[in-house]
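Laboratory data are not the source of any read-out in this text; all were calculated from the coordinates shown. Not measured: the values here are computed from a predicted model. Positions of Cβ are generated from backbone atoms using ideal geometry, with glycine treated the same way; all protein chains shown enter the neighbour counts.
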Amino acid sequence: MIRQRPTRAASLWQGGASAVPDGRGREAQEGHTVAATVAVLGPGGVGGLLAGLLARAGRRVVCLAGDDTAGALRKDGITVHSAAHGDFTTPVEADTVLRETPDVVLVTVKQTALASALERVPPALVGPGTVIVPLLNGVEHMDVLRERYPDAHVVGATIRVESTRTAPGVIEHGTPFTALRLACATPEPAALTQLAESLRGAGAEVVVGGDEKAALWDKLAVLAPFALLTTYFGTPVGEVRTTHRQRMLGVIEEVTAVARAAGATVTTDAVVTFFDTVPETMKSSMQRDVEAARATELDAIGGAVLRAAERHGVPVPDTTALVDRLRGHG
């Protein structure tokens, strides 16, 4: 049941800010009582990391997953390996379906699993006081969530992090940061304010405010060229930016033009700088999915760019060619 608490187990993990020596988080250390409930739909690499940080900071966390994962979380909690946040294990609650109204729902599944995962969150339990924070790639999931949960506050959000689930409840965090952007018009819902404070207290970087479309498209303008090019060429970014530089520049110019037409502020130069400064061995998650013969988020990333390009009348021949050929891979 949802209120069952797991026992504490041995710890490990990797994360993105100041570590807390006793593993409890600043809010717990300072004696703050945090009663709000955060449901995490999809406790994988990103969801498991955030669930661990929030639980350690004193939040009540309920992870929603399949039978095997939920059972493992109830038994052993979440273990995180992190150079930045410290290695720790923290108990969380877990269930296969939401059974009570939460204050916040973090949606951290992949776009390919979104439709089936939402069955774990009945609309009747999501009310006007609930804040939904989707941390998915792409931009089109916002309409899906608002249609299914019309009474909730659905907040446009992005995250910068590299985090992987190596086993149910075991998270490897590989970046020296966990940075979230929560785009919300004023007045800011109280539950969102509390979530941001808890995440900051746990060591994450959190910015609240700004335009939703700009936030989502600023991310997609970087993600789409990176995912499409590394996956198409089957190489890390270092070879893309050298051997295939002209193709890279063409795709970046097209995608950033679409992003600006959709409301983003990102520049072509900023995305080129990203490509030129990230580690040369870096791969995209889409590339890793293809290598592992898993379903990819091609439609949520590349397809979303093409559909927006058509709406705004922006020509994208290089990007279209990449998406068409990648679609041939299934």
Open item on the list: Given (1) under 17 Å from Met286 (Cα atoms); (2) assigned to a helix (DSSP H, G or I); (3) more than 17 Å from the chain's Cα centre (by Cα), identify the lone condition not met by Ala221.
Closed with: (3)
TODO: Considering only residues that are among the small types (Gly, Ala, Ser) and buried (at least 16 other Cβ atoms within 10 Å of the Cβ), look in the range 155-178 and name the one that is farthest from Ala51 (Cα to Cα).
DONE: Gly156
TODO: Would you tally the residues in the range 286-297 being touching a residue at least 60 places away in the same chain (Cβ under 8 Å) and over 16 Å from His244 (Cβ atoms)?
DONE: 3
- [ ] Would you be able to say whether some residue in the range 109-128 is polar (S, T, N, Q), part of a loop (DSSP other than H, G, I, E, B) and touching a residue at least 12 places away in the same chain (Cβ under 8 Å)?
- [x] no
Task: Matching residues in the range 181-190 - criterion: being surrounded by fewer than 19 Cβ atoms within 10 Å (Cβ to Cβ) and either aliphatic (A, V, I, L, M) or within 17 Å of the chain's Cα centre (by Cα) (or both) - done: Ala185, Ala190
Task: Search result, residues across the range 216-229 that are surrounded by 24 or more Cβ atoms within 10 Å (Cβ to Cβ) and touching a Ser or Thr at 6+ places or on another chain (Cβ under 6 Å) - done: Ala221, Phe226, Ala227
- [ ] For the range 58-81, enumerate the residues that are part of a strand (DSSP E or B) and among the β-branched types (Val, Ile, Thr).
- [x] Val61, Val62, Ile78, Thr79, Val80
Task: Odd one out for Arg247, checked against (1) closer than 16 Å to Val323 by Cα; (2) assigned to a loop (DSSP other than H, G, I, E, B); (3) of a type in the set (Lys, Arg) - done: (2)
Open item on the list: Among the residues of the range 121-137, what is the count of those that are surrounded by 18 or more Cβ atoms within 10 Å (Cβ to Cβ) and more than 15 Å from Leu192 (Cβ to Cβ)?
Closed with: 3
- [ ] Output the number of the condition that Gly238 fails; it satisfies all remaining conditions of (1) assigned to a helix (DSSP H, G or I); (2) in contact with a helix residue (DSSP H, G or I) (Cβ under 9 Å, 6 or more places away or on another chain); (3) farther than 22 Å from Ala113 by Cα.
- [x] (2)
Task: Members of the range 275-302 that are surrounded by fewer than 16 Cβ atoms within 10 Å (Cβ to Cβ), in a helix (DSSP H, G or I) and either of a type in the set (D, E, K, R) or under 21 Å from the mean Cα position of the chain (by Cα) (or both) - done: Asp276, Arg288, Glu291
- [ ] Collect the residues in the range 303-330 that are among the charged types (D, E, K, R) and either surrounded by 15 or more Cβ atoms within 10 Å (Cβ to Cβ) or at positive phi (or both), keeping them in residue-number order.
- [x] Asp318
TODO: Tell me, yes or no, whether the range 184-202 has at least one residue that is under 18 Å from Ile159 (Cβ atoms), assigned to a loop (DSSP other than H, G, I, E, B) and touching a His at 6+ places or on another chain (Cβ under 6 Å).
DONE: no
